[in-house]
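To start, the structure itself, in structure tokens.
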Amino acid sequence: MTQPYYRIFLLSHMRAYSSTLGHIIGSHPRINGYYEMHQSYLCDADLAQQIADYSQHDSLKPNSHYQFDKLLHNDYQLNLSLPALQDAVIFIALREPEPTIKSIIKLFRKKSDDHLYAQPTGATNYYLERLQTLADFAQQHPQRYYYFDTEKVCTDTDGLLSQLQQWIGVAEPLSREYGSFAKTGVAGAGDTSPLIHTGKVLPNFQEALDDVELDATLLQQAEQAYQSSRALLLQYAKQSF
């Protein structure tokens, strides 16, 4: 009988270095998965669907034990009462509001100026609603997740990867260099910029966002929500970094 896969989930929001981190995690020899699969995990059939959908484009690694996904939108939910998810490794991570919201706006303006997230109000509301959902999840599942600030993907790469390795419980280290997969750079699966194809973390990378303006009132609202949500996430986390 085939050993079932343990699950790893990253709960975060758009433009929080999750594509880079997903590729790092997914490049580990024991872990499958690197992109956002856009599905909920509410029953055992959803877990089976995850494996089936992933296998359509990427091969499961020999001797792999984990399947990874990231959930960045409130449309997708996670039912931790499932017996198969009792040992799931859950990460929650936030990025500070100003660069996050500006990056969301910049990304969606490339697609269409009319898109909801291309507008400051729409992008800010997405961020606020996502933070609230993550805060609610933390209160509902205390001590069931690990928390980190996503800026550390760039500012303390080695320290973060060492901590993630320990939290996951794998013997082999996570590497700051990562592979390219079937859906790397594909729209809808994560970052589509050329940066994702570099195959490594760029230390202290700063996206050019000076051309994006954000109303001071919106920014203040987002900053307050970030501070309160982050404090709550730290309070209820099993461990943080």
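A few comments on the model shown:
- Some residue of region 26-37 being without any contact (Cβ under 8 Å) to a residue 60 or more places away in the chain and in a loop (DSSP other than H, G, I, E, B): yes
- Leading residue by the ranking (farthest from the chain's Cα centre (by Cα)) among those in region 221-241 that are in a helix (DSSP H, G or I) and of a type in the set (Phe, Trp, Tyr): 236
- Scanning region 159-185 for residues that are free of Cβ contacts under 8 Å to residues at least 24 places away in the same chain and under 17 Å from the mean Cα position of the chain (by Cα) yields 165, 185.
- Only listed residue being farther than 23 Å from residue 60 by Cα, touching a strand residue (DSSP E or B) at 6+ places or on another chain (Cβ under 8 Å) and open to solvent by less than 70 Å² (accessible area, probe 1.4 Å), chosen from 160, 214: 160
- Close pairs (6 angstrom Cβ cut-off, 6 or more residues apart or separate chains): farther than 19 Å from residue 179 by Cβ and in contact (Cβ under 8 Å) with a residue 12 or more places away in the chain in region 44-67, open to solvent by less than 80 Å² (accessible area, probe 1.4 Å) and assigned to a helix (DSSP H, G or I) anywhere: 47/84
- Test: residue in region 55-77 that is farther than 27 Å from residue 106 by Cβ, among the aliphatic types (A, V, I, L, M) and either surrounded by 14 or more Cβ atoms within 10 Å (Cβ to Cβ) or in contact with a Ser or Thr (Cβ under 8 Å, 6 or more places away or on another chain) (or both): no
- Region 39-54 - residue that is within 16 Å of residue 141 (Cβ to Cβ) and in contact with a Phe, Trp or Tyr (Cβ under 9 Å, 6 or more places away or on another chain) and, of those, surrounded by the fewest Cβ atoms within 10 Å (Cβ to Cβ): 40
- All told, residue 16 falls short of being among the aliphatic types (A, V, I, L, M) and farther than 30 Å from residue 118 by Cα.
The values are calculated or read from the model by the stated rules, or taken from the named source; none is laboratory data. Since this is a predicted model, take the numbers as computed values, not measurements. Cβ: placed from backbone, ideal geometry, glycine included. Neighbour counts: every protein chain shown. Just so you know, the surface numbers come from the protein's heavy atoms only, side chains and all, with ligands and any DNA or RNA stripped out. Shrake-Rupley method; radii C 1.70, N 1.55, O 1.52, S 1.80 Å.
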